[in-house]
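In what follows, a single structure is set out as structure tokens and then discussed.
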Amino acid sequence: MIKRSLLLPLLLVAGGLQAQEPAPDLAKAKTTAETVCAGCHGPDGNSPISANPKIAGQHEEYLYKQLRAFKSWDGKPPERENPIMGAMVAGLEDADMKALAVYFASQKLQPESAKNAATAQQGQDIWRAGIAAKGLPACAGCHGPTGAGMPAQYPRVAGQFTEYTEAQLKAFRDGVRKNDPSQMMQTIALKMTDAEIKAVSDYAAGLR
């Protein structure tokens, strides 16, 4: 009886603390998006520039993870070294990043399209089946048959700029980008030629 009487207040306190987590300040996030983020990603996350990713409709968990990766925490170097993004997130607190992730995830993506018909079949083959002879897994295994990805694990890549996806795959392959869990993307990209990367990137742009 004594143990139960002690346990109940502890559970109530824990539940109360959990309930006190503030809701994301979406009004502030919208203002930040329309001022700080708009120049590169557009006010709604639909970037007008192929060098910068479209983040509208991206998974909230993935956006939050990437925002944190660009910032130095506790004096440690950021997971993703990028002078521009490093400057953009320098003044953001964790709560700001969470709110921005929620805001951009709620926006509607204006997708790109595949442009290279000559490599469409090669891109589709790699996406659906990989290349067994090279031990290259199918992209669909993690990002899904339509490129929708999986929240908290794999990003949506459908409708993304061909140029951006291509640049990121090469960055993984060259060790420039290395914030992927267990070096999964680095290992995969190392098995791909420039032509294969370009083909699958263009194919992904046309997925819906």
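Between Ala101, Ala132, Ala38, which gets the highest mean-square fluctuation from a Gaussian network model of the chain, Cα cutoff 10 Å?
Maximum fluctuation in the GNM of the chain, among the listed residues, is at Ala132.
Hey, which aspartates and glutamates would be in cross-link range of Lys71, C-alpha to C-alpha under 17 Å, not counting anything within fewer than 8 residues on its own chain?
Glu61, Glu79, Glu81, Glu93, Asp94, Asp96, Asp180
With a 1.4 Å probe and every protein chain kept in, tell me what percent of the accessible surface of the chain is carbon plus sulfur.
Using a 1.4 Å probe with all protein chains present, the chain comes out at 62 percent carbon and sulfur.
Express the accessible area of the chain per residue in Å², computed with a 1.4 Å probe while the remaining protein chains stay in the model.
57 Å²
Amide H to amide H under 5 Å from Phe161: which residues, 5+ apart in sequence or cross-chain, H placed 1.01 Å off N in plane?
Residues meeting the criterion, in which the H sits 1.01 Å from N, are Lys54.
Which residues' amide hydrogens lie under 5 Å from the amide hydrogen of Ile131, considering only partners 5 or more residues apart or on another chain, with H built in the peptide plane?
So Ile131 has HN proximity to Leu136.
Where does each of 43-50, 138-145, 116-123 land if you order them by average Cβ count within 10 Å, highest first?
43-50, 138-145, 116-123
Excluding same-chain residues fewer than 8 positions from Lys30, which lysines have a Cα within less than 18 Å of its Cα?
Leaving aside lysines fewer than 8 places away in the same chain, those within reach of Lys30 are Lys54, Lys98, Lys108.
Using Cα-Cα distances under 8 Å and only pairs 6 or more residues apart, what relative contact order does the chain have, in percent?
Relative contact order of the chain: 21 percent.
Once the other residues with Cβ under 11 Å from the Cβ of Ala199 are scored (Lys, Arg +1; Asp, Glu -1), what is the net sum?
-4
The values are calculated or read from the model by the stated rules, or taken from the named source; none is laboratory data. What you see is a predicted model, and the numbers here were worked out from it, not measured in a lab. All Cβ positions, glycine included, derive from the backbone under ideal geometry; neighbour counts span all protein chains shown. Ligands, DNA and RNA are stripped out before the accessible areas are found, and what is left, the full protein with its side chains, is counted by its heavy atoms. Shrake-Rupley method; radii C 1.70, N 1.55, O 1.52, S 1.80 Å.
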